[in-house]
Amino acid sequence: LLSLPKESGWGSRHLYLHQHFWCPSTHFQGVINFQNHFLAKDSDVIVASFPKSGTTWLKALTFSILNRQRFSSSHNHPLLTSNPHELVPFLDFIFHGDNIHDKLSHLSNMTEPRVFGTHLPFPSLPKSIKESSCKIVYICRNPFDTFVSLWIFANKINPHSMHELTIEEALEKSCKGIVGFGPTWEHMLGYWRESIANPNKVLFLKYEELKEDANFHVKRVAEFLDCPFTKEEESNGVIENIIKLCSFQKMKNLDVNKSGTVGRNLEKKYLFRKGEIGDWVNYFSPAMIEKLSKTMEEKLSGSGLSFKTCS
Ligand code: A3P
């Protein structure tokens, strides 16, 4: 660890440049253990994302789509009593700490299909994920909203960070790629390119498109995961029920998500803020708009990846 390039992140945590991405010091051990020890099963589903892109939402949707027959009555659905991050844990959290063998045996006994989350960039995923037939659903969000969501989140989980870095300085750092699991562009492009080269392996979703037409994209996810909705399910409102259960308002107002913590002491209420498209306009100055627009143009040009809601 000592030999790796180091930068201060937002707030008090440090970032280490590991395999071309900035790994938060708090995640380092878990990431290494995950990379070295995780054994994917062909039936696994991985929900991958850059932080603050809609991970919680996609975890809830993916879990509900895959388990719709087990929990067909809406009264006993696990999402009513558990946070999505408890039902779909992050693999780098799971592997944090010691007792790797206990963790591996717990993982191998989990009910299939197992669903996990990760913020690792595609090239850094363990070999077994890339080489098995397990599937990856990736969610990406326009970088303006993602940045604002992360800025506010970082300041909530560490109120002192507001005094360490202004929003302009945080954007400067982000545009240089220095942000947890960044550079953001590399993260998106890694999964974007893989989704084009290997469409049966990676499904690439956009937060904005999911918001605009959830029905269409929930069907896409189910088809991709080889569990398409039947005509009967469609006419019985199964898709609508899943969308309602996972909606921002529903999740935010559940008692289970209003208090308490998840993962490593993360306040669950911080996971649900506004859930809107375009809130960035309330935070960006003209100079910040220019900075991020230019950076995106430079980094994404020629890739085919674009965001219609920006500037
Ligand atoms: P905002 O801060 O813009 O409100 P992640 O889950 O990757 O941490 O992303 C967090 C962002 O997704 C936050 O955005 C949060 O409010 C939003 N979000 C959380 N649950 C959601 C849901 N069920 N539907 C839509 N957006 C959701």
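Identify the single condition in (1) within 16 Å of the ligand (Cβ to nearest atom); (2) farther than 20 Å from ASN142 by Cβ; (3) surrounded by fewer than 18 Cβ atoms within 10 Å (Cβ to Cβ) that ILE239 does not satisfy, given that it satisfies every other one.
(3)
Restricting the first residue to segment 252-273 and requiring it to be over 15 Å from LYS52 (Cβ atoms) and in contact (Cβ under 8 Å) with a residue 24 or more places away in the chain, which pairs with a second residue that is aromatic (Phe, Trp, Tyr) and within 13 Å of the ligand (Cβ to nearest atom) meet a Cβ separation below 9 Å and a spacing of at least six or different chains?
Close Cβ pairs satisfying both conditions: ASN257/PHE272.
Look at PHE248 and say whether it is more than 30 Å from GLU172 (Cβ to Cβ), within 12 Å of the ligand (Cβ to nearest atom) and surrounded by fewer than 17 Cβ atoms within 10 Å (Cβ to Cβ).
Working: more than 30 Å from GLU172 (Cβ to Cβ): yes; within 12 Å of the ligand (Cβ to nearest atom): yes; surrounded by fewer than 17 Cβ atoms within 10 Å (Cβ to Cβ): yes.
Spelling it out, PHE248 is indeed more than 30 Å from GLU172 (Cβ to Cβ), within 12 Å of the ligand (Cβ to nearest atom) and surrounded by fewer than 17 Cβ atoms within 10 Å (Cβ to Cβ).
So how many residues does segment 104-145 have that are in a loop (DSSP other than H, G, I, E, B) and within 16 Å of the ligand (Cβ to nearest atom)? Walk me through how you get there before you give the answer.
Within segment 104-145, the first condition is being in a loop (DSSP other than H, G, I, E, B), and the residues that meet it are 109-114, 119-121, 125-126, 132-134, 141-142.
Those still in the list that are within 16 Å of the ligand (Cβ to nearest atom) too: 119-121, 141-142.
Residues flagged as in a loop (DSSP other than H, G, I, E, B) and within 16 Å of the ligand (Cβ to nearest atom) within segment 104-145 amount to 5.
Looking only at segment 217-236, count how many residues are more than 20 Å from the chain's Cα centre (by Cα) and surrounded by fewer than 17 Cβ atoms within 10 Å (Cβ to Cβ). Break it down into steps so the answer makes sense when it comes.
Our first condition is that a residue be more than 20 Å from the chain's Cα centre (by Cα); within segment 217-236, this holds for 223, 226-236.
Now drop any that are not surrounded by fewer than 17 Cβ atoms within 10 Å (Cβ to Cβ), which leaves 223, 226-228, 230-232, 234-236.
Within segment 217-236, residues that are more than 20 Å from the chain's Cα centre (by Cα) and surrounded by fewer than 17 Cβ atoms within 10 Å (Cβ to Cβ) number 10.
Which members of segment 237-270 meet the condition of being at pLDDT 95 or above and within 17 Å of the chain's Cα centre (by Cα)?
The answer is CYS246, SER247, PHE248, MET251.
Inspect segment 12-22 for any residue being farther than 22 Å from TYR138 by Cβ, more than 16 Å from the ligand (Cβ to nearest atom), part of a helix (DSSP H, G or I) and of a type in the set (Phe, Trp, Tyr) and give the result as yes or no.
No, because not a single residue in segment 12-22 is farther than 22 Å from TYR138 by Cβ, more than 16 Å from the ligand (Cβ to nearest atom), part of a helix (DSSP H, G or I) and of a type in the set (Phe, Trp, Tyr).
Pairs only if they're at least six apart or on different chains, beta carbon under 7 angstrom, first in segment 197-212 and of a type in the set (Val, Ile, Thr), second within 12 Å of the ligand (Cβ to nearest atom); list them, first residue then second.
VAL202/TYR138
Give the residue that is farthest from the ligand (Cβ to nearest atom), with candidates limited to residues of segment 251-300 that are over 30 Å from LEU79 (Cα atoms) and either among the aliphatic types (A, V, I, L, M) or in contact with a Gly (Cβ under 6 Å, 6 or more places away or on another chain) (or both). Steps first, please.
As a first pass, look at segment 251-300 and keep what is over 30 Å from LEU79 (Cα atoms): 281-300.
Narrowing further to those that are either among the aliphatic types (A, V, I, L, M) or in contact with a Gly (Cβ under 6 Å, 6 or more places away or on another chain) (or both): 281, 287-289, 292, 296, 300.
On the way: VAL281: 12, ALA287: 22, MET288: 16, ILE289: 17, LEU292: 16, MET296: 18, LEU300: 20 Å.
Only one residue fits best here, namely ALA287.
The values are calculated or read from the model by the stated rules, or taken from the named source; none is laboratory data. For clarity, every value in this text was computed on a predicted model and none was experimentally measured. In this analysis, Cβ positions are derived from the backbone assuming ideal geometry, glycine residues included, and neighbour counts consider all displayed protein chains.
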